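Structure record follows, encoded as structure tokens.
FYI, it's all coordinate maths here, none of it is from the lab. Since this is a predicted model, take the numbers as computed values, not measurements. Cβ placement follows ideal geometry from the backbone for every residue including glycine, while neighbour counts extend to all protein chains displayed.
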Amino acid sequence: MSDTIPQRAGPNAPLSPHLQVWRFTATMAASITQRIAGFGNAIGLLLFTAWVASAAMSDAAFAVVSGFLASPFGLFLLFGFTVAFSFHLLNGVRYLFWDAGRGFDKAFASKTAWAAYIGSVALTVLIFFVGFSVYGGA
């Protein structure tokens, strides 16, 4: 059994890089944020499922869930879900370009990472602005 386990070549063998070796960049932050946004989307979809299920149950259940989502804490959760969804969408488009072999230049990758952050906030503000303009707020 010990014959199948690879052994280190010696004390001078290269070690795997770790966070102390790497300089923190926008692309690293975007990668980490992509995973956090995915988790936020899962939580947000649970809220959305509760809202849809309450509409199927009864008018009273729908009023309770809608009232919660219209509260300040509910709006905070919806805002966070919208930011997470927007970032995940925009950064996912960035990854699609990478899958096509485009956008790997360091400067361009950094610019697109910042664009995903700025675009997600702008898209969220636009969504909430239109929502409150059309529906008049909570």
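If you stretched the chain out fully between residue 93 and residue 73, how much longer would it get, using 0.36 nm times the residue separation minus the C-alpha to C-alpha distance?
4.2 nm
Using the Cα centre as the reference, give the magnitude of the dipole from point charges on the C-beta atoms of the stretch 30-136 (Lys, Arg: +1; Asp, Glu: -1; all else neutral), rounded to the nearest 20 debye. Before the final figure, lay out each step's value.
Working: 5 positive and 3 negative charges, 78 e Å.
Using Cβ point charges on Lys, Arg, Asp and Glu, the stretch 30-136 gives about 380 debye.
Using θ = phi - 60° and the Karplus curve 6.51 cos²θ - 1.76 cosθ + 1.60, what whole-Hz ³J(HN,Hα) does each residue of the stretch 30-44 get, with Gly and Pro shown as x?
For the stretch 30-44, the Karplus-derived couplings read 5, 5, 5, 5, 4, 5, 5, 5, x, 5, x, 5, 4, 5, x Hz, x marking Gly and Pro.
Hey, what do the phi angles of the stretch 52-61 turn into as Karplus ³J(HN,Hα) couplings, whole Hz, using 6.51/-1.76/1.60 and θ = phi - 60°, x for Gly and Pro?
So the Karplus estimates, Gly and Pro as x, are 5, 5, 5, 5, 6, 6, 6, 5, 5, 5 Hz.
Would you mind checking the radius of gyration and Dmax of the stretch 24-66 based on alpha-carbon positions, in Å?
According to the Cα coordinates of the stretch 24-66, Rg and Dmax are 16.2, 50 Å.
With the cut-off at 1.5 for a/c, could you classify the stretch 50-138 from its C-alpha gyration tensor as rounded, prolate or oblate?
On the way: a/c = 3.83, a/b = 2.41, b/c = 1.59.
Prolate shape, in that a/c is at least 1.5 and a/b is the bigger ratio.
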